[in-house]
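Trainee: Encoded as structure tokens, here's the structure I'll be asking about.
Values quoted throughout were computed directly from the atomic coordinates according to the rules given, and no laboratory measurement underlies them. In this text the structure is predicted, and so the values were computed from the model without any measurement. Don't worry about glycine lacking a Cβ; one is built from the backbone with ideal geometry, like all the others, and counts go over all protein chains shown.
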Amino acid sequence: DTGVSQDPRHKITKRGQNVTFRCDPISEHNRLYWYRQTLGQGPEFLTYFQNEAQLEKSRLLSDRFSAERPKGSFSTLEIQRTEQGDSAMYLCASSTGVDEQFFGPGTRLTVL
Amino acid sequence: DQQVKQNSPSLSVQEGRISILNCDYTNSMFDYFLWYKKYPAEGPTFLISISSIKDKNEDGRFTVFLNKSAKHLSLHIVPSQPGDSAVYFCAASEAYKYIFGTGTRLKVLA
């Protein structure tokens, strides 16, 4: 399977704990995106990488959130001191240009 | 402010008939528009797209229409099939940034 993969698929954590998610994009894709989706909403843009450079972060991304893409390959999204409001589906997508993005299956985070 | 709006949260259509899903946007700088389909527990899947310089793009049963003066786009599915039942998101992009609508749940009745 050469699609976008995300790990883990589900994460349950207690409030105040740190969590880290991983995304492996399609290998030749230089663009990588993180989104957050809550019930009844569309995906909300969080951040964007072109190769290893993080070019934009949404205002939604508080200082408790950090994302990296070392060497322009896989990416990680870390949430520190999780809050119940962080409960959502976190989606990763990759692309080569301005057209279609390929999404991973998402990581569902539940903060108790 | 919601730059991309899907005002119909749900739509039911008989199998074989046409499904029309609508999307409105406010930012005239958007240069690319896309439709995605999403099944439960999966990420969105790309369906069809259209550049802002075009007014129609067709791919099999799916056609997207863009009316720039009205800042409106629509997705037509003909004929609708039960397997088309899913949530459909429209998205608009300016350079590398994508803004998604809230989705329309389509149910195709057999």
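Trainee: Using square roots of five times the C-alpha gyration tensor eigenvalues, list the equivalent-ellipsoid semi-axes of chain B in whole Å, biggest first.
Mentor: Equivalent-ellipsoid dimensions as semi-axes: 22, 15, 12 Å.
Trainee: Further question on the same structure: Evaluated at 25 °C with a viscosity of 0.890 mPa s, what Stokes-Einstein diffusion coefficient in µm²/s does chain A have when Rh comes from the Kirkwood expression over alpha-carbon pairs?
Mentor: 176
Trainee: Mind scanning A:57/B:107; B:68/B:97; B:56/B:97; B:37/B:97; B:5/B:107; B:5/B:68 and naming the pairs with a C-alpha gap bigger than 25 Å?
Mentor: Distance filter (> 25 Å) returns A:57/B:107.
Trainee: For chain B, with only Lys/Arg (+1) and Asp/Glu (-1) charged at the beta-carbon, what is the dipole magnitude about the Cα centre, in debye rounded to 20?
Mentor: 140
Trainee: Take every Cα pair under 8 Å in chain A that's 6+ residues apart, average their separations, divide by the length, and report that relative contact order as a whole percent.
Mentor: In percent, rounded to a whole number, it is 37.
Trainee: Moving to a separate point now. I want the local charge near residue B:61. Using Cβ-Cβ distances under 15 Å, sum +1 for each Lys or Arg and -1 for each Asp or Glu among the other residues. List each step's numbers first, then the result.
Mentor: Working: positive: B:17, B:37, B:56; negative: B:15, B:58, B:59, B:84.
Result for the neighbourhood of residue B:61: -1.
Trainee: So, one more: Which of B:60, B:74, B:95 sits farthest toward the positive end of the charge dipole of region B:14-110, with +1 on the Cβ of Lys and Arg and -1 on the Cβ of Asp and Glu?
Mentor: Value computed over the given set: B:74.
Trainee: Which value, in debye to the nearest 20, describes the size of the charge dipole of region A:1-86 about its Cα centre when Lys and Arg Cβ atoms bear +1, Asp and Glu Cβ atoms bear -1, and nothing else is charged? Write down the numbers at each step before the final one.
Mentor: On the way: 13 positive and 12 negative charges, 65 e Å.
Once rounded to the nearest 20, the dipole reads 320 debye.
Trainee: Taking Cα pairs under 8 Å and at least six residues apart, what relative contact order does chain B come out at, in percent?
Mentor: That works out to 37 percent.
Trainee: Can you give the Rg and Dmax of the protein assembly as shown based on its C-alpha atoms, in angstrom?
Mentor: 17.5, 51
Trainee: Per residue and in cubic angstrom, what volume does the convex hull of the Cα atoms of region A:56-102 have?
Mentor: Cα-based convex hull of region A:56-102, divided per residue, equals 109 Å³.
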